[in-house]
Amino acid sequence: MDINEIWAEENIFFRDFDSCSLARGGLTLNDIHELKQLLEPYKKPNMKIADVGCWTGLSTVVLSGIIEPSTVYAIDWFQGSEYTNLTFSGKFFKIRAILEENLKHFKRHNVEIIDCLSYDAADKFENNSLDVVFLDADHRYSNIKNDMKKWLPKVAHGGILCGHDCEMIINSLEDIHSMFVDKDIISVLHYGVCKAVGELGGTKFISTHKHTKEESLASSLWYFHKI
């Protein structure tokens, strides 16, 4: 899979929406390269991957291409999270139809779409049945914490629960940043995700290439390896 080619093709696909308020999803090109690095040690044939909060499908396209053959479950309720620009997009665009067209464009036939809230979708899977769960749904602390609790049992031993938008690890409940955890994002930080990942004992993924200070903030993948 050529990541740069996928990135270029995605930008071509979304060019028709450039004059519209469509939030296409939060992965950057840097994130995509790092997601490939993160999952490399866990690759095996016929993996089962849940993309929780798939939205218009950039992450789904990437996940379904990193590990082949695999089955990817694209999970979203396609209405966006409250108080974010995704809410506007969810009201005025048919997000699921855009996802389906995106998957068709990239000839992704190994994807099953599950149209419901992330918390409810977890009940559709047996415990220890998934190799990778990628969380990028509601970023507010109470919601991401609940998602972690629901999805971690679904990950098989040796697999990983991972996600996006953890710019730093917050371990202290006394931390002043805690006042922001039930907001989606403040400035460039998703405090709710940072705190929930810290409490889970998760790790911020560090790429093999050197980061500038700006890239370090932009690099926001996290993971928890289930022993």
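Each value in this text was obtained by applying a stated rule to the coordinates, not by laboratory testing. It should be emphasised that the depicted structure is a prediction, and the values quoted were computed from it without experimental measurement. Heads up, the Cβs are rebuilt from the backbone with ideal geometry, glycines too, and the neighbour counts pull from every protein chain shown.
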Report task. Would you order Cys116, Cys166, Cys20 from fewest to most other beta-carbon atoms within 10 Å of each residue's own beta-carbon? Result -> Cys20, Cys116, Cys166
Report task. Would you please classify the overall shape of the range 1-132 from the alpha carbon gyration tensor, given that a ≥ b ≥ c denote the square roots of the eigenvalues, rounded means a/c under 1.5, and beyond that prolate means a/b larger than b/c while oblate covers the rest? Result -> oblate
Report summary line: Expressed in nanometres to one decimal, the distance between label points 7 Å along Cα→Cβ at Phe92 and Asp123 is 3.4 nm
**Report entry** Calculated [θ] (222 nm, deg cm²/dmol) that DSSP helices of n ≥ 4 give over the chain, each run adding -39,500 (n - 2.57)
**Finding:** -10000 deg cm²/dmol
Report task. If a/c stays under 1.5 just call it rounded; otherwise compare a/b with b/c (prolate if a/b is bigger, oblate if not). Do that for the range 59-180, with a ≥ b ≥ c from the square roots of the Cα gyration tensor eigenvalues. Result -> oblate
Query raised in the report: Order of Ile75, Ile66 from fewest to most other C-beta atoms within 10 Å?
Result: Ile66, Ile75
Query raised in the report: How much length is gained on full extension from Glu82 to Cys116, taking 0.36 nm per residue of separation minus their Cα-Cα distance?
Result: 10.7 nm
Report task. Go through the range 8-16 residue by residue and turn each phi into a ³J(HN,Hα) via Karplus (6.51, -1.76, 1.60, θ = phi - 60°); whole Hz please, and just put x for glycine and proline. Result -> 5, 5, 4, 5, 5, 4, 8, 4, 5
Report summary line: Long-range amide H partners of Gly159, meaning residues 5 or more apart or on another chain whose placed amide H is closer than 5 Å, are Lys226
Query raised in the report: Can you put Lys43, Lys36 in order, fewest other beta carbons within 10 Å first?
Result: Lys43, Lys36
Requested in this report: Would you please classify the overall shape of the chain from the alpha carbon gyration tensor, given that a ≥ b ≥ c denote the square roots of the eigenvalues, rounded means a/c under 1.5, and beyond that prolate means a/b larger than b/c while oblate covers the rest?
Outcome: rounded
Query - Loop GluC sites (Glu not before Pro), the range 1-101, which have at most 11 other Cβ atoms in a 10 Å radius of their Cβ (DSSP) - result: Glu82
